[in-house]
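Taking it in order: structure first as structure tokens, then the write-up.
The values are calculated or read from the model by the stated rules, or taken from the named source; none is laboratory data. The shown structure was predicted, so the numbers you read here are calculated from the model rather than taken from an experiment. With ideal geometry, Cβ positions are generated from the backbone for all residues, glycine too; neighbour counts draw on all protein chains shown.
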Amino acid sequence: MRLKMPQKLLKTAHYIELGSYQHWPVLLPQRIRLYTYEQAPLFLRENPYITDGYRAHLPSKLCLKSIFILSNETVNIWSHLLGFLLFFFMGVNDLSSLLPASRANREDYVIYAIGLFCFQVCMLCSVGYHLFSCHRSEKTCMRWLALDYAGISVGILGCYVPGIFYAFYCNAFWRQVYLLTVLSMILAVFCAQVHPSYLSNDWKVIRMTIFSCVAGIGVIPALHWVWLNGGLTSDIVQLFFPRVIVMYLIAGSAFLFYITKIPERYFPGQVNYLGASHQLWHILVVFMFYWWHQTAVHIMHFRHSQPCPTWSRKS
Ligand SMILES: [Zn+2]
């Protein structure tokens, strides 16, 4: 087959292993071949409602170049790549203008840096997975998938750290208790991810349960914070509790799209490239992180302008 091809085409073609086809010419960058669900390798067949647009069997270089072609991963890649840039520039803005203007102390700088760094790590791990899930080696794809999951844990950590720090600003004891609890919880999730079965389909439910627990357990410090601050009628609770509710609503709807595979479940093959549940999940995650960062800004301003009550002890 190779010998019969025109010389000009040979120069621009890249030959890759393709299952039963021995060599398949792939032209760069627009001519990377896309596969249907049935043609895609088994480990990529995770969502039968996405019927086409799969990249597969590519070497690293072509995985990278495939960022510029329209596949069923394009929106997934770009949404979190732009999300990464958003949090990177927000970090630059925080450290160079927002925090100095708010007369922030060293602790504020550390907390903001940790939060936004976690968000950026989460975005990049996700970009990496969606970019390299088409790699010809299944082992490489699985490593990126593990990193994507690890990135979600880091992202959740990035929400907890500023949330707990400012919620328990006036109560050093509980602040330390909750920060340590969250850190050990995330560490435990990392340990679970090392388990050889963690990425298998059999563990799908366990994976989802772990993530919902890690995110949902935040309800405990939230309610404790309401109680410590004098209940639902107190000023600070009235100001910030609705923001916490909105945060959980965004997280809940993001997770719902993720597990239910809506809307493609009702329109199989119609939203392969645009509008699929995973894309909605990605966009909602970016929005959730952004919302939580803005909440941290508000509560920091509140705490800087209103001294801690006399019953509390600020560390
Ligand atoms: Zn994703």
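Restricting attention to segment 3-60, which residues are of a type in the set (A, V, I, L, M) and either farther than 30 Å from S200 by Cβ or at pLDDT below 90 (or both)? Lay out the reasoning, then the answer.
Of segment 3-60, the ones of a type in the set (A, V, I, L, M) are 3, 5, 9-10, 13, 16, 18, 26-28, 32, 34, 40, 42, 44, 50, 56, 58.
Correct list: L3, M5, L9, L10, A13, I16, L18, V26, L27, L28, I32.
What about G275, is it in contact with a Phe, Trp or Tyr (Cβ under 9 Å, 6 or more places away or on another chain), on the phi > 0 side of the Ramachandran plot and away from the ligand (no atom under 16 Å from the Cβ)? It would help to see each step written out before you state the result.
Values: in contact with a Phe, Trp or Tyr (Cβ under 9 Å, 6 or more places away or on another chain): yes; on the phi > 0 side of the Ramachandran plot: yes; away from the ligand (no atom under 16 Å from the Cβ): no.
So G275 does not fit the description; no.
Say whether the condition of being out of contact with any Cys (no Cβ under 8 Å at 6 or more places or on another chain) and over 29 Å from H195 (Cα atoms) is met by at least one residue in segment 112-127.
yes
Residue pairs, Cβ under 8 Å, 6 or more apart or interchain, first in segment 270-282 and closer than 22 Å to F119 by Cβ, second more than 9 Å from the ligand (Cβ to nearest atom) and among the aliphatic types (A, V, I, L, M). List them.
From residues that are closer than 22 Å to F119 by Cβ, the pairs are S277/I262; Q279/V75; L280/A254; W281/A254; H282/V75.
So, in segment 85-95, of the ones that are aliphatic (A, V, I, L, M) and free of Cβ contacts under 8 Å to residues at least 12 places away in the same chain, which residue ends up farthest from C125 (Cα to Cα)? Spell out how you get there, then give the answer.
At the first step, the residues of segment 85-95 found to be aliphatic (A, V, I, L, M) are 85-86, 90, 92, 95.
The next check asks that each one be free of Cβ contacts under 8 Å to residues at least 12 places away in the same chain; those that pass are 85, 92.
On the way: L85: 13, V92: 20 Å.
The residue in question is V92.
Hey, any hits in segment 246-254 for a residue that's more than 16 Å from the chain's Cα centre (by Cα), away from the ligand (no atom under 16 Å from the Cβ) and closer than 25 Å to V75 by Cβ?
Taking segment 246-254 first, the residues more than 16 Å from the chain's Cα centre (by Cα) are 246, 249.
Subsequent filtering for residues that are away from the ligand (no atom under 16 Å from the Cβ) retains 246, 249.
Now drop any that are not closer than 25 Å to V75 by Cβ, which leaves 246, 249.
Scanning segment 246-254 turns up at least one residue that is more than 16 Å from the chain's Cα centre (by Cα), away from the ligand (no atom under 16 Å from the Cβ) and closer than 25 Å to V75 by Cβ.
Restricting attention to segment 223-282, which residues are surrounded by 18 or more Cβ atoms within 10 Å (Cβ to Cβ), of a type outside the set (V, I, T) and assigned to a loop (DSSP other than H, G, I, E, B)?
Correct list: N229, K261, E264, N272, A276.
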